[in-house]
Structure formats: C-alpha cells, structure tokens
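**Q** Input: one structure, supplied below.
The values are calculated or read from the model by the stated rules, or taken from the named source; none is laboratory data. Just so we're clear, the structure is a prediction, and the values are computed from it rather than from any experiment. Please note: Cβ atoms are built from the backbone with ideal geometry, for glycine as well, and neighbour counts cover all protein chains shown.
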Amino acid sequence: MTKQLFSKTLNTWLSSPGKKTIGSMLDIFDEKSFAFIFLVLMIFPAAPLPTGGLVHVFEVIVILLSLQLIIGRGELWLPQKLKRVELDSVTRKKVLPFLERRVKFFEKFAKPRLASTIGKKWFRVQLGIFITLFTLGAFFAPPFTGLDTLPSLGVVLIAIGVILDDIIPIIAGYIVGFAGLAVAFILGAGIVAGIQALF
C-alpha cells in the first residue's frame, strides 16, 4: 500500500457497507495494520486533554502488541474473539475520520524515504523496542501532569512514518519520544520530591 492510497483506502473502507470489525480493519491495512493500531490507540494520550485512566488501557495494549514486533512477527496477531469485535459509532464516525484527515495532511509532505529499510525485520524489531519504551514512559508518567503527551506523540509520529514509508516522521518520533522521557523524568522527579516534602 502506497502512501498516496492510505487515507483513500481508509475512507473507502469506512464508507463501504458491512460490519466494521477490528479484524476487517487489520485485513484492509495488511502489513501497515500494526502501525495504524498504534496510531489509533496512542492519539488519545498524545492529546493534551484530560482523558482519565482509560488511556492506560490503550497503553497496555500497545505495549503487548509492540512485543510482537520485538519477537519478529511479520503480522499483527490478535485473538479471533477480539477480531470479531465491532468498532463503536464514536470510533467509526469521529476517531477514524479524524485520523484520516491527519494522515492525509502528512501525505502532502511525505515521500518514500528508506521504505525498503522500514520493512526489514531488524528495523521492525527496533521499532518495537522504542515504541515499548516510549509507551512505558507515558504509562508511568505522573497522572494529571500532561507528561505522557510527548512520549505518546513520539509513538504517533513513528506510526505515521511507517504508514507513509517515510523515515523522517520516524526520526522525529524518536526525538520527541526521548525528549518526552527526559521531561517526564526530570519534572516527575520534582513533583514526587515536592509531594514528599509536604509530609
């Protein structure tokens, strides 16, 4: 699937008749499915909005799925029961169209850069390692501080880079993700120290 076709493919799938299940979504995006799942799940913690504890569920799922990349799986595996789950109306009518517009925006500027490298097994393994690292940083960031935003945004940019076969967003994702980890560590340690000083 080329970058020019990705947003169009998503739009066509969303507007086509029939049930919209997790399994059918994975089938339509083929080898890009893991990146798209990461994008869908991590866009919520990446948004600088109060989302409560629900994002931790998404982060745990992302970590479990990224482990599949680390062990070298070429395709994303999910239990059949989960594949049969239908997407709710909010996801179909709001979340996915929003992501379609974002991907379409990036398509205007992206071009295939090191696309063959992105598809190699060793590259996918290191993607899994960094995605796991950044997602763990978001998961353990102090709650209600917004410190999970940058590590999550790093994963989002990596996912977009994989979707578009462009190494530039992936590199940007690494930079943003590591910056987020550094900020979360420094400010998080300060917040914890401040709370401890009160008691």
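**Q** Cβ-Cβ below 6 Å, separation at least six or inter-chain, first residue in the stretch 77-88 and touching a residue at least 12 places away in the same chain (Cβ under 8 Å), second surrounded by 11 or more Cβ atoms within 10 Å (Cβ to Cβ) and outside any helix (DSSP H, G or I): which pairs?
**A** Arg84/Thr21; Glu86/Thr21; Leu87/Lys20
**Q** Quick check on my filter: what residues within the stretch 175-199 are modelled with pLDDT under 70 and under 24 Å from the mean Cα position of the chain (by Cα)?
**A** Gly188
**Q** While we're here: When the stretch 96-119 is examined, which residues are found to be of a type in the set (Val, Ile, Thr) and either within 15 Å of Ser33 (Cβ to Cβ) or buried (at least 16 other Cβ atoms within 10 Å of the Cβ) (or both)? Show your work before the answer.
**A** Quick first cut of the stretch 96-119, residues of a type in the set (Val, Ile, Thr) only: 103, 117-118.
Listed by number, the residues that qualify are Val103, Ile118.
**Q** A further question on this structure: Here are the criteria: (1) touching a residue at least 40 places away in the same chain (Cβ under 8 Å); (2) surrounded by fewer than 18 Cβ atoms within 10 Å (Cβ to Cβ); (3) under 23 Å from Trp13 (Cβ atoms). Tell me which single one Phe36 does not satisfy.
**A** (2)
**Q** Filter the stretch 114-142 down to the residues that are without any contact (Cβ under 8 Å) to a residue 12 or more places away in the chain and of a type outside the set (Phe, Trp, Tyr), then identify the one that is farthest from Ile186 (Cα to Cα).
**A** Ser116
**Q** Separate question: Would you confirm whether or not the stretch 150-159 contains a residue that is under 28 Å from Lys19 (Cα atoms), surrounded by 20 or more Cβ atoms within 10 Å (Cβ to Cβ) and modelled with pLDDT of 90 or more?
**A** Initial filter on the stretch 150-159 (under 28 Å from Lys19 (Cα atoms)): 156, 159.
Restricting the remaining residues to those that are surrounded by 20 or more Cβ atoms within 10 Å (Cβ to Cβ) gives 156, 159.
If we keep only those that are modelled with pLDDT of 90 or more too, we end up with 156, 159.
Yes, the stretch 150-159 contains at least one residue that is under 28 Å from Lys19 (Cα atoms), surrounded by 20 or more Cβ atoms within 10 Å (Cβ to Cβ) and modelled with pLDDT of 90 or more.
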